[in-house]
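To keep things clear, I will list the structure first and then write my remarks on it.
The values are calculated or read from the model by the stated rules, or taken from the named source; none is laboratory data. The structure presented is a predicted model; accordingly, all values stated were derived computationally and were not measured. Reconstructed Cβ throughout: ideal geometry from the backbone, glycine too, with neighbour counts over all protein chains shown. These accessible areas exclude ligands, DNA and RNA; they are computed on the full protein's heavy atoms, side chains included. Shrake-Rupley method; radii C 1.70, N 1.55, O 1.52, S 1.80 Å.
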Amino acid sequence: MREIFYQLKELVQKALLKVIIVLFAINLIVFYLYNHFAVTSSSTVVLLLSKFSFFVYIINFILDFVILSILFKIDKQLKKLTEKIHVRTFTALFFIWFLLILIPFLLKGIYINGTLMFVFELIYIIVITVVQILMLIIFVMHFNVIINKIGFFSLETAVFLSLLFMFGQIYATLGFNTMSEAWGNVYETKWFEALMWLLGINLIGVLFKYKTYKKLPVFILHLSVIVILIGAAVTRYFGYEGTLHLRNGETKSEIMVERSKSNPSDVYPKKLGFEVRLDKFVMRKYPGSMQPSSYDSYVTIIDKKDNKTFPYHIYMNHILVYKGYRFYQASYDMDEQGSILSVNHDPGMWITYFGYALMAIGFLWSMIYRKSRFMLTVKKLKQSGLFAFLLMMLLGTGSLKAADTLNVPKISNQAADIWAHVLVQKSGRIEPMDTLDIDIIHKLTLKSKMYGMNYNQLVAGMVAYPDKYQQLPLIYVGHPKIRKMLGIEGKYAPYNAFFLPDGNFKFSKEIDEAFKTPNKDRNVLQREWIKINERVYVAFEVYTAQIFKIFPTPNSAKMNYKWFSITDIQQAIKMGLMSPMDAQFYFNMFKNLALNIQSNNIPALKKTAQQIYELQKSYSGKILPSESRIKWEITYNRLQIFPKLIGVYTLLGLFAIFLGFVEIIKMKRYKKVEISIVVLGYLGLIAHTANMILRWYVSGHAPWSDSYESIVFIAWGSAFASLIFFRKSMLALGAGLFVAGMFMMVAHLNNINPQITNMVPVLKSYWLLIHVAVITSSYGFLGVGSMLGLLNLILFAMNKSGKFDLEQQIKQLNNIIYIALYIGLALLSIGTFLGGIWANESWGRYWSWDPKETWSLITMIVYALVIHGKMMPKLRGEFIFSLLSFLSFFFVLMTYFGVNFYIAQGLHSYGQGVADGYWWINIIFAGMGAWSAIVLLGLAQNILSKISKPIKLEENEYQPKG
């Protein structure tokens, strides 16, 4: 009987091994299909094939797991063999597997010969399949122990689920071209829904397992996440969202509700229980432009059941709430005779808001709770006290050769100043010519002065002496190939160099080709051609006076206060909007302005400028800025505080870091130098703050509403955090100031527009002040933490050399990093959820998985994992903490720059910019990839360290007794 049993066992083993071989072959084929087609093709049929092969691959993986489990149960020798595999083996295999997974994406777009590609793919697939099966063998070997020792309600499981949740969001934002695709493939899927349920259940278990209820602030903080998830579940299962489209005078009692975000056109009608009538839709625009200032719906609610009728004014950020429905101004008809209202019925909103409030309370309370890790870290810092801060300013805008050596007339400072005070209309904003001039010269030259002349002198010269200034090299050319085609030696070309003798543009073919190429496929040369086209066109507008809209007309109020340039006046005559006599009056006035600049006739120039101002005041007095605002705007332009702060913050930061290292090496503090640095740092911060306040006053809105302003504010947050909270440590102070300098430098890159502009309607909300201020402040603290992490890695290298004993300094710096990250995470979390409240007031939903808010959530998860990593042995080390602190900031960079300039879709697209190619995104991806690999390896090591102890087996466990 025993012999039959062994024969049967041997047959089963052979059969299972054959099945494994077959599965291995299937793995090769399936993984080839998935890897080859999913990465290299985009056709619908092939993508469907790749999805099918991925499904088969997952099923195959599960079968491998089941069969290997059976083999371990019946084969003692295999069991004993695999028990000898060390944790490090798994770590090495995982690292190899991770690198192999990245290879297809790194090779995307690189051409490889067909035969060579086939051989490469075959070898690649064999290697990665073998690695995966070896990893699976180790996992299966320890599966029972994992279940027993790790369990579902463990920190390891929480980290694993959080990573899955995070990677799912990354896949949704980077893996699809549209939001509807992201909804259909991720956000609305059952697996994503199940993942959120598992996270919630796991968190409840972890809260009680670790007895967090004994520390009330910590318990409230973590409980808030559960409450938010409950609110989200109520919204998901019981809420709905639709639209109400009304024409002027139209009444409706039902809305069209979306069945699915992945297919917005699939809608069904739903009765409201009352009627809504649109009495009037009003579109308000900025003076003299087509840019909307606001759009308003004047409606009447007619509720026959409750016998109620009342009017209401709905506009952006001002909603109507009635009987559980919330009506928002979403859009309008192109003829401006109809309104589109977003209608939301969300019973989970107040639950979620309650969760937000609990989170804010939990974060703030835990910062003052004596038993919290935050306060314990603060106490450690108080017991030691390492260093302190800051140095002074550099400016520098070098001039080229003086204008007189180039045979170009130089406009006097007095004449240029009078010209600078003339008011001009640009994109619906009334501003002094000074502001327009600095924008023009910055666009043309990337500088604010050249040839010994400031920006006002240059533009006034272009107006007064167009023929001569067209020969002056003023247009920046960035690409060497284009410089060669133009025949210029330096980086600047004259306007005339771009035109043939007959007046035709020389490079129409190249620019047409650049515009025809999709943005994502444009090379560096094509992008430079598009920039040059913009610069040449701006110069053309100056030489033809087309850009100078300084003349209102008697009918200005009826024309939305539109102002005209002399070129516009010519068109107005042709269209019958202006009489030839009035037009001649305006022509003569502009001509006198130019002639008086030429002749430097200051009294006559003042008189002409005053006549223009009186004309503007007479016909458009209601929209003119005050004299005080004009004066301060010119002051703001001329001070150029923000560009100067690049040198101030960077040099002070570097000097403070250098001093910090010197103090560590010599074990001596230089108190007077530290105080000098701190004082100078405060002066820089005061100047930064004052200039932001000045920009606020000049623009009429908070100075963090566009890309330039928000980056400047992030720099302010970094400087503020380092000076207020970390000034006792020279390394921490220097890191914060250096980060501030780097952000100021980024704000002044060529692709960031520093102009003062009007606000889009959605930003006209007090929530802008709160949400953006809080969330951008968090970037400052997280930036300081990242820079300190990098500095600590340098200290680790110095310590390992054996020449220095820096253990205490490393721990001290990590304590500072922890405080910076904790405050940053608190501000980021509160700011993100305040943004959710703002979104609910503006668009009718507090969470829409918009890429910006999604990446904010990803960043929150990243920093939460770094902070909670202190509770996991394999992630709590000083070196790992410093490394993760540094790498985590790549997720912040992705949240801000990646979403604004690379993804550039969703509700936050009003704040997006234009990037010069996407080479920088690879650096961000590399940083995020390195962070993910380290955390996954740490998690795997942490799990395996709990289960890698040898399992004692009885001799007769897998076979009958003899």
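If you go through the stretch 697-720 and keep only what is open to solvent by 20 Å² or more (accessible area, probe 1.4 Å) and at pLDDT 85 or above, you end up with Tyr697, Trp716, Phe720. Scanning the stretch 464-495 for residues that are under 40 Å from the mean Cα position of the chain (by Cα), part of a helix (DSSP H, G or I) and touching a residue at least 24 places away in the same chain (Cβ under 8 Å) yields a total of 3. In summary, Phe208 fulfils each of the numbered conditions (1) surrounded by 14 or more Cβ atoms within 10 Å (Cβ to Cβ); (2) closer than 30 Å to Tyr369 by Cβ with the single exception of condition (1). Within the stretch 861-882, the set of residues being open to solvent by 20 Å² or more (accessible area, probe 1.4 Å) and within 16 Å of Tyr822 (Cα to Cα) comprises Ile861, Ala864, Leu865, His868, Lys870, Met871, Arg876.
I'd like to check something: does the stretch 541-553 contain any residue that is over 33 Å from the mean Cα position of the chain (by Cα), free of Cβ contacts under 8 Å to residues at least 12 places away in the same chain and closer than 30 Å to Pro625 by Cβ? Among the residues of the stretch 541-553, at least one is over 33 Å from the mean Cα position of the chain (by Cα), free of Cβ contacts under 8 Å to residues at least 12 places away in the same chain and closer than 30 Å to Pro625 by Cβ, which makes the answer yes. Exactly one residue out of Leu651, Leu723, Leu694 is touching a Phe, Trp or Tyr at 6+ places or on another chain (Cβ under 8 Å), on the phi < 0 side of the Ramachandran plot and open to solvent by 10 Å² or more (accessible area, probe 1.4 Å): that is Leu694. Counting only residues that are under 18 Å from Tyr537 (Cα atoms) and open to solvent by 80 Å² or more (accessible area, probe 1.4 Å), the stretch 469-490 holds 1 of them. Looking at the stretch 652-667, can you tell me whether even one residue there is in a loop (DSSP other than H, G, I, E, B), under 29 Å from Ile810 (Cβ atoms) and either hydrophobic (A, V, I, L, M, F, W, C) or touching a residue at least 40 places away in the same chain (Cβ under 8 Å) (or both)? The answer is yes; a qualifying residue exists. Could you check, for the stretch 619-630, whether at least one of its residues is in a helix (DSSP H, G or I), in contact (Cβ under 8 Å) with a residue 60 or more places away in the chain, of a type in the set (Val, Ile, Thr) and under 30 Å from Leu793 (Cβ atoms)? For the stretch 619-630, residues in a helix (DSSP H, G or I), in contact (Cβ under 8 Å) with a residue 60 or more places away in the chain, of a type in the set (Val, Ile, Thr) and under 30 Å from Leu793 (Cβ atoms): absent.
Only a single criterion out of (1) part of a strand (DSSP E or B); (2) in contact (Cβ under 8 Å) with a residue 40 or more places away in the chain; (3) over 21 Å from Met349 (Cα atoms); (4) open to solvent by 60 Å² or more (accessible area, probe 1.4 Å) is not satisfied by Pro264, namely (1).
If you check every pair at least six apart or on different chains, which have Cβ atoms under 8 Å apart with a residue in the stretch 331-356 that is in contact (Cβ under 8 Å) with a residue 24 or more places away in the chain and buried (at least 18 other Cβ atoms within 10 Å of the Cβ) first and a residue that is part of a helix (DSSP H, G or I) and of a type in the set (Lys, Arg) second? Once the first residue is in contact (Cβ under 8 Å) with a residue 24 or more places away in the chain and buried (at least 18 other Cβ atoms within 10 Å of the Cβ) and sits in the stretch 331-356, its partners that are part of a helix (DSSP H, G or I) and of a type in the set (Lys, Arg) give Gly348/Arg236. Ile775 fulfils the conditions (1) of a type outside the set (D, E, K, R); (2) closer than 19 Å to Thr650 by Cα; (3) modelled with pLDDT under 80; (4) buried (at least 23 other Cβ atoms within 10 Å of the Cβ) except for a single criterion, (2).
The requirement of being over 26 Å from Phe505 (Cα atoms) and either under 42 Å from the mean Cα position of the chain (by Cα) or not in a helix (DSSP H, G or I) (or both) is fulfilled nowhere in the stretch 524-539; no residue meets it. As for the stretch 441-452, it holds at least one residue that is part of a helix (DSSP H, G or I), at pLDDT below 90 and touching a Ser or Thr at 6+ places or on another chain (Cβ under 9 Å). Residues of the stretch 219-228 being hydrophobic (A, V, I, L, M, F, W, C) and open to solvent by 30 Å² or more (accessible area, probe 1.4 Å), which ones? Matches in the stretch 219-228: Phe219, Leu223, Val225. Within the bounds of the stretch 300-318, is there any residue that is touching a residue at least 40 places away in the same chain (Cβ under 8 Å) and either within 20 Å of Thr235 (Cβ to Cβ) or in a loop (DSSP other than H, G, I, E, B) (or both)? Within the stretch 300-318, one or more residues are touching a residue at least 40 places away in the same chain (Cβ under 8 Å) and either within 20 Å of Thr235 (Cβ to Cβ) or in a loop (DSSP other than H, G, I, E, B) (or both).
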